[in-house]
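Shown next, in structure tokens, is the structure this report addresses.
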Amino acid sequence: MNVCGCEKEALVIEAVRCGTWDDALRTHAARCPVCADAALAADLLRELSDLDNTQVTLPNGGLIWWKAQLKAKRAAAERATQPISIVEKVFCACSILSAIGLLLWQWSSISAWFALLLNGLHMNSYSLQHSLVEVWEKSSPIYILCASALLLVFSLVGYLVWTEQ
Amino acid sequence: MMKEITLSEAQLAASVADAAEEAFLIDEQSFRIFYDRTARPLWSYLYRVSGNGALADDLMQESYYRLLRKRLPEISQDYLKNYLFRIATNLLRDHWRRGKNDPVWKAHGCGHGFEHQTERDQQARIPSGLTEDSIHQRSELQRALECLKPRERELLWLAYVEGSSHREISEIVHLKEGSIRPLLFRARRKLASLLRSTGVRLTK
């Protein structure tokens, strides 16, 4: 017998697991501290295991198989749609970045439009109409195109977000 | 003329193709046989190491799923069983690692990986039809087990209930084969002294 074990330890554990005790082994287990500990621990755990075997009801194999298949299909579908969702996210990010870029680039013109519009709001309806016409006349076609494109992009992003939800 | 395909059709086709590609490791019939042989030992292992029946249920199902998705070099029953226990052990450790930052887990865990006992767990611990002495003995046994570290419970369960060899245990718990013997020795001595201090004796 060494400090960490005894050559008969495996036999003792097997005897506890299978109930195949003989007198010699029982006498040895009573004398040897390693085998006594092993027998006690193995006996406790075997008892707990027996308890689980009799008391616990588990789902049948068919159900586990079906759940695993379902999960695999869901994972496959998720993987298949992953590139699409990535493109959607990239598109949204690009749209927002271009909108911010355009705002910074044309900030002076945009603030001038707003100033004109705000002026018009403070006046009567005739003046508002007049100031809108003024904005239209003062804007170059490229600005109008950009504003329309922005509107279009925002509506598209809004639609995508809405359909996603 | 080319047929127009909508996005959802394309997604469906892709997912079906992927699912077809990812055939499981074994067929349903073999799985059922394997499950019948291993489900109960695996559940017991997970339950006795974690102390939580609901967690044992979840991790058991996840372990089978992960095993089925694996590409393994061998599909013998013993090899699959050891691999299944290895997956379950990893899942259990992942669960604990995640739970360490969870205040609810901290409140219920006793510091040794044993979790909050549900009503079902209590029932499994103390079944009906037992004498008062048996009930006392079993609750002492359970308490002693709870005082061990999770790794000690893993080692003891695998060695003494599953009858796994030191090499198999080392593969399951990711330790060197040479360190299993002293670790097992210490765990066993600790458990035995805890049991002796409460007056628990061998049942046979």
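We did not get these values from a lab; they are worked out from the coordinates using the rules stated. Please read these numbers as outputs of a predicted model, since none were measured by experiment. For neighbour counting, all protein chains shown are included, and Cβ atoms are generated from backbone atoms with ideal geometry for every residue, glycine included.
Modelled label positions at B:Asp27 and A:Cys94, each set 7 Å beyond Cα in the direction of Cβ, lie 4.9 nm from each other.
Comparing A:Val87, A:Val34, A:Val153 in a Gaussian network model of chain A (Cα springs below 10 Å), the most mobile by mean-square fluctuation is A:Val34. Rounded to the nearest 0.05, the FRET efficiency derived from the C-beta distance between A:Ala24 and B:Arg167 at R0 = 30 Å is 0.55. Panel order for B:His166, A:His130, by other beta carbons found within 10 Å of each beta carbon, from fewest to most: A:His130, B:His166. On a C-alpha basis, how far is the centre of region B:48-62 from the centre of region A:29-108 in Å? Whole number, if you could? When both Cα centres are located, 13 Å separates them.
Taking every full run of DSSP H in chain A, the ones that stretch at least 30 Å from end to end by Cα along their long axis and average 0.5 or higher on the Kyte-Doolittle scale are A:61-105, A:141-164.
Placing a pseudo-label 7 Å from each Cα along the Cα-to-Cβ vector at A:Ile84 and B:Ser139 gives an inter-label distance of 5.8 nm. With both labels modelled 7 Å from their Cα along Cα-to-Cβ, the B:Leu72 to A:Leu156 distance reads 5.0 nm. Structure note, pairs A:Lys67/A:Lys89; B:Lys81/B:Lys190; A:Lys71/B:Lys81; A:Lys71/B:Lys176; A:Lys71/B:Lys149; A:Lys8/B:Lys81: Cα-Cα distances above 24 angstrom occur for A:Lys67/A:Lys89; B:Lys81/B:Lys190; A:Lys71/B:Lys176; A:Lys71/B:Lys149; A:Lys8/B:Lys81. Largest GNM mean-square fluctuation among A:Ala38, A:Ala112, A:Ala99, using chain A with Cα springs under 10 Å: A:Ala38.
Here the residues A:Tyr143, B:Tyr64, ranked from fewest to most Cβ neighbours within 10 Å of their Cβ, fall in the order A:Tyr143, B:Tyr64.
Going from the fewest other Cβ atoms within 10 Å to the most, the residues A:Thr57, A:Thr20, A:Thr81 appear in the order A:Thr57, A:Thr20, A:Thr81. Every helix of 4 or more DSSP H residues in chain A counts as -39500 (n - 2.57), and over all residues that averages to -29500 deg cm²/dmol at 222 nm.
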